[in-house]
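Worksheet: one structure, shown below.
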Amino acid sequence: MVDDSTPTVDRRTLLRTIGGSSALLLAGCSGDGGSGGEETSSASGSDGTDGSNGGQAQFTFWTTQVENNRIQVIEELVSAFESTKDSAIKMNAVEEGDLPSQISSARASGTLPAIGEWGLDPMQQLGSGGLLSKEAAGNVIEAVGEDKFHDGALSMTRAPDGGHFAVPFHGWVQGFWYSKSVFEENDLETPTTWESLRTAAETLHDPDNNEYGIVVGTDKTPFARQCFTPIARSNNARIFNNSGEIVFDSPEMVEALDFYAQLAEFTPPGKDTWKTANNTFLNGQCHLIGYSTYLMGDVTDAGQEMVEDTGFASYVENERQSSFGQIVTLSLLSSASEDQQKAGESFAEYLLTGENYVKWLHMAPGGMNPVLEPTAESDAYQENETLSDWGDTLADISSGFANIERFGYAEGQAFPELGQITNQLLISEAISRVTSGEDPETVASEQAEEMRSTISE
């Protein structure tokens, strides 16, 4: 899933195949079953190899990191792994938006990778289809140390019938960023509760002087859903009940929509997106915005003074605490051979270990946050040009993973049907409607019916 609360990087689809020391760089998707272009090996099998080459285990690794600078870092990690392990890795870097078609093509041609680095949606798609090895994921989690992972991150990868579809790898958290000095001047509490959010938004709203109380998503975009999710979940509002039935029209959801509409009264005019939040916060027009941890890079660029004055509330609380974010996983495919699976497990453990893990995370400081608590607290991770100035905020971000939630996961259950709902922006549409003045109860009822119709098709 693309983080809609951050500026979209101008990416090109980049498929890179690596085998030992040879590399071939190709632009575009060839539609050849996910291999991404010419093969550098004549071996064949579930991922284009037979799992061995003179005793050497070969396997394919897909990653959604397509930027050139990140590819270079991953190449270095791959080479270091190959030099110490009896393995050869072919790496495909696949644009995130192309994953569904590439996975579909690879499934049809029997060329799925042995291991993939991707978000929760492809994990859920493959896991629910029985194509992920829960045993392999469990082996990696156990090897790394289950107690080191944030519980919230582990809950996102948990399979409905037990075990884990994949290994949590890294992620980002969305919360409320605020100007500490402005909050202190106005005697405002940290914006973690419904009441403190509403009070701050109302107090700081001064449209006559081009200043606004808060920015949350009000347009029909994924950003609106991201802002709304922790508010709804903090009120025990859900899309699905335990039986998988749509309950978007519940009293808890109506109340959450109504509260969100109240917050929207203090936003800038028009329909607001992540761009509104980013721009108004950086130029001082708004001192309270919903945004992901990707904001840290922009604030760091604005200077040390702004970094020191920026606070982060990682959760929202009403009936309970809730945070929103994304978990990127290491998914191990059950279609791989036994040798490939073992090599894939070893590679996953390698990526989550020590300086290897830190090196990966530092490719996008603030955007890639550790799901391992010891790493988040380590000097090696925190001593980074972007992160070093943020101090206690890093702990606040890390704590967000303890409460991280999404509408498609609740009480250990996963609801893949949410993908059909989000693809049609039905949640965001509800938000756009209520923030335009429509009645929350009517909107909840009508959108719930639309959701029921969508998942029954």
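The values are calculated or read from the model by the stated rules, or taken from the named source; none is laboratory data. Note that the structure is predicted; figures quoted are calculated from it, not measured. Note that each Cβ is placed from the backbone with ideal geometry, even for glycine, and that neighbours are counted across all protein chains shown.
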Turns out the helices (runs of 4 or more DSSP H) fully within the stretch 360-400 with at least 3 residues that are in contact (Cβ under 8 Å) with a residue 60 or more places away in the chain and not β-branched (Val, Ile, Thr) are 393-400
Is it true that some residue in the stretch 162-183 is surrounded by fewer than 17 Cβ atoms within 10 Å (Cβ to Cβ), more than 24 Å from ASN92 (Cβ to Cβ) and not assigned by TED's automatic domain parsing to the domain that holds ILE231?
yes
Looking at (1) touching a helix residue (DSSP H, G or I) at 6+ places or on another chain (Cβ under 8 Å); (2) at pLDDT 95 or above; (3) buried (at least 16 other Cβ atoms within 10 Å of the Cβ), which is the one condition that is false for HIS150?
(2)
So for the stretch 204-219 (the condition being in contact with a Lys or Arg (Cβ under 9 Å, 6 or more places away or on another chain), outside the structural domain of LEU330 (by TED's automatic domain parsing) and among the polar types (S, T, N, Q)), does at least one residue qualify?
yes
Criterion first (among the aliphatic types (A, V, I, L, M) and touching a Gly at 6+ places or on another chain (Cβ under 7 Å)) does VAL307 satisfy it?
no
State all residues of the stretch 108-129 that are polar (S, T, N, Q) and closer than 15 Å to PHE61 by Cα; if no residue qualifies, say none.
THR111
Filter result for ASP187 (part of a helix (DSSP H, G or I) and not basic (Lys, Arg)):
no
Right, ASP339: assigned to a helix (DSSP H, G or I), of a type in the set (Asp, Glu) and in the same structural domain as ALA137 (by TED's automatic domain parsing) or not?
yes
Could you please find all residues in the stretch 383-437 being among the basic types (Lys, Arg) and under 28 Å from PHE165 (Cβ atoms)?
ARG406
All positions within the stretch 237-247 that are closer than 13 Å to ALA430 by Cβ and within 23 Å of the chain's Cα centre (by Cα)
ALA237, ILE239
Within the stretch 326-342, is there a residue that is surrounded by fewer than 20 Cβ atoms within 10 Å (Cβ to Cβ) and closer than 30 Å to ALA256 by Cβ?
no
Quickly run through the stretch 347-369 and pick out the residues that are at pLDDT 95 or above and crowded, with 20+ Cβ neighbours inside 10 Å.
PHE347, ALA348, LEU351, LEU352, TYR357, TRP360, LEU361
Can you say whether ALA93 is crowded, with 22+ Cβ neighbours inside 10 Å, within 18 Å of PHE347 (Cβ to Cβ) and in contact (Cβ under 8 Å) with a residue 12 or more places away in the chain, as far as the supplied structure shows?
yes
Output the residues belonging to the stretch 119-139 that are at pLDDT 95 or above and crowded, with 24+ Cβ neighbours inside 10 Å.
LEU132, SER133, ALA136, ALA137
Taking VAL173 as the residue in question, decide whether it is closer than 15 Å to ALA348 by Cα and either touching a residue at least 12 places away in the same chain (Cβ under 8 Å) or not in a helix (DSSP H, G or I) (or both).
no
For the stretch 293-311, give me the residue count where each residue is under 22 Å from THR229 (Cβ atoms) and surrounded by fewer than 24 Cβ atoms within 10 Å (Cβ to Cβ).
2
Please work out if LEU332 is farther than 20 Å from ILE71 by Cα and not assigned by TED's automatic domain parsing to the domain that holds GLU184.
yes
Would you pick out the residues in the stretch 310-332 that are among the hydrophobic types (A, V, I, L, M, F, W, C) and out of contact with any Gly (no Cβ under 7 Å at 6 or more places or on another chain)?
VAL316, PHE324, LEU330
Looking only at residues in the stretch 64-90 that are among the hydrophobic types (A, V, I, L, M, F, W, C) and farther than 18 Å from ALA336 by Cβ, which one is surrounded by the most Cβ atoms within 10 Å (Cβ to Cβ)?
ILE74
From the set of residues in the stretch 189-205 that are touching a residue at least 12 places away in the same chain (Cβ under 8 Å) and out of contact with any strand residue (DSSP E or B) (no Cβ under 8 Å at 6 or more places or on another chain), which is farthest from ASN318 (Cα to Cα)?
THR203
Quick check on the stretch 423-445: of everything there that is within 18 Å of THR218 (Cα to Cα) and out of contact with any helix residue (DSSP H, G or I) (no Cβ under 7 Å at 6 or more places or on another chain), which residue is modelled with the lowest pLDDT?
ASN423
Could you check the stretch 209-227 and list, in sequence order, the residues that are assigned to a helix (DSSP H, G or I) and either closer than 26 Å to GLY152 by Cα or aliphatic (A, V, I, L, M) (or both)?
PRO222, PHE223, ALA224, ARG225, GLN226, CYS227
